1. Please go through the range 109-136 and give me each residue that is of a type in the set (Lys, Arg), in contact with a strand residue (DSSP E or B) (Cβ under 9 Å, 6 or more places away or on another chain), surrounded by fewer than 15 Cβ atoms within 10 Å (Cβ to Cβ) and modelled with pLDDT of 95 or more, ordered by number.
2. Inside the range 110-142, can you point out the residues that are part of a helix (DSSP H, G or I) and small (Gly, Ala, Ser)?
3. What residue, of Gly118, Gly171, Gly164, is of a type outside the set (S, T, N, Q), more than 17 Å from Tyr47 (Cβ to Cβ) and touching a Leu at 6+ places or on another chain (Cβ under 8 Å)?
4. State yes or no: is Gly164 among the small types (Gly, Ala, Ser), under 19 Å from Met1 (Cα atoms) and surrounded by 12 or more Cβ atoms within 10 Å (Cβ to Cβ)?
5. Here are the criteria: (1) at negative phi; (2) outside the structural domain of Leu155 (by TED's automatic domain parsing). Tell me which single one Lys12 does not satisfy.
6. Which residue, of Leu67, Leu40, is within 21 Å of Leu17 (Cβ to Cβ) and not hydroxyl-bearing (Ser, Thr, Tyr)?
7. Which number in (1) touching a residue at least 24 places away in the same chain (Cβ under 8 Å); (2) surrounded by fewer than 23 Cβ atoms within 10 Å (Cβ to Cβ); (3) β-branched (Val, Ile, Thr) marks the one condition that Val96 misses?
8. Quick test for you: out of Ala106, Ala68, Ala64, Ala78, pick the one residue that is crowded, with 16+ Cβ neighbours inside 10 Å and under 22 Å from Ile149 (Cβ atoms).
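The values are calculated or read from the model by the stated rules, or taken from the named source; none is laboratory data. Just so we're clear, the structure is a prediction, and the values are computed from it rather than from any experiment. Quick reminder, even Gly has a Cβ in these numbers, built from the backbone with ideal geometry, and neighbours come from all protein chains shown.
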Amino acid sequence: MRLYAVETRVVKPGDNLVDVVLGSLKKQKLKLEDNDVLALASKIVSYSQGRVAKLGDVRPSEEARRLAKKYSLEPEFAELVLVEAEKVYGGVEKAVLTLKDNIMAANAGIDNKNAPIGSAVLWPRNLVEWLKHFREKINRKTGKRVAVIVVDSGLIPLRIGTVGLALAVAGFNPIREWRGKRDLYGRPIMITRHAVADDLASAAHLLMGEAAEKTPVVLIKDAPVDFDDDVHGSAEMMMPFKECIFMNTLKN
């Protein structure tokens, strides 16, 4: 597998992301081929959708003020978290654990890193539909069968630092099934499934960086994935609460 970090200009609200990505690939003399995978940082998708909130325009509720005081957040930022999150569980200083779009995420995915001063970037909206159209446009313009994955930073319980997290994928199966197969010693595998999309997201995330790299796109060639023509949202990658070792254990 080969991965190429693709530098782009700063993406702004309303930009045509297809043109930005294809123009950036051309500038670096990188060509798309069948079964390539394009990894996109979720933040540039959000920017292209205009999902940028000015904190000065936000009026915090009393609940937001309580949340902000408890976890050392700006009240306006806390209000955005309450609006965007489906559920708030708790948190630590500067971070609230939430459920957003079937994903456990800090601050409902809202981030003011690499956002204009006084602003915060929200997660993309209607990502499955957006990804379907984006992939269709890329494939139509290039004449190639390309897969796409939208990547954000995620967390693993009790591990320091961020890893790549797949918010949605188009063009390959995000999960590989191992249940029913046999291991090295012939024993049947009972529970193992492979989070292929998250593994690929982490590989891309390593090249995207977390600061001022300006490489929000990664071209992946020869990825060991099972290609298809479907779009897979976060719901397909979500472990049910009762089957999740973390959620079910802590709930009980």
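1. Hits for the range 109-136: nothing passes.
2. If the condition is that a residue be part of a helix (DSSP H, G or I) and small (Gly, Ala, Ser), then no residue fits.
3. After applying the criteria, what remains is Gly164.
4. It is true that Gly164 is among the small types (Gly, Ala, Ser), under 19 Å from Met1 (Cα atoms) and surrounded by 12 or more Cβ atoms within 10 Å (Cβ to Cβ).
5. (2)
6. Leu40
7. The one condition Val96 does not meet is (2).
8. Ala106
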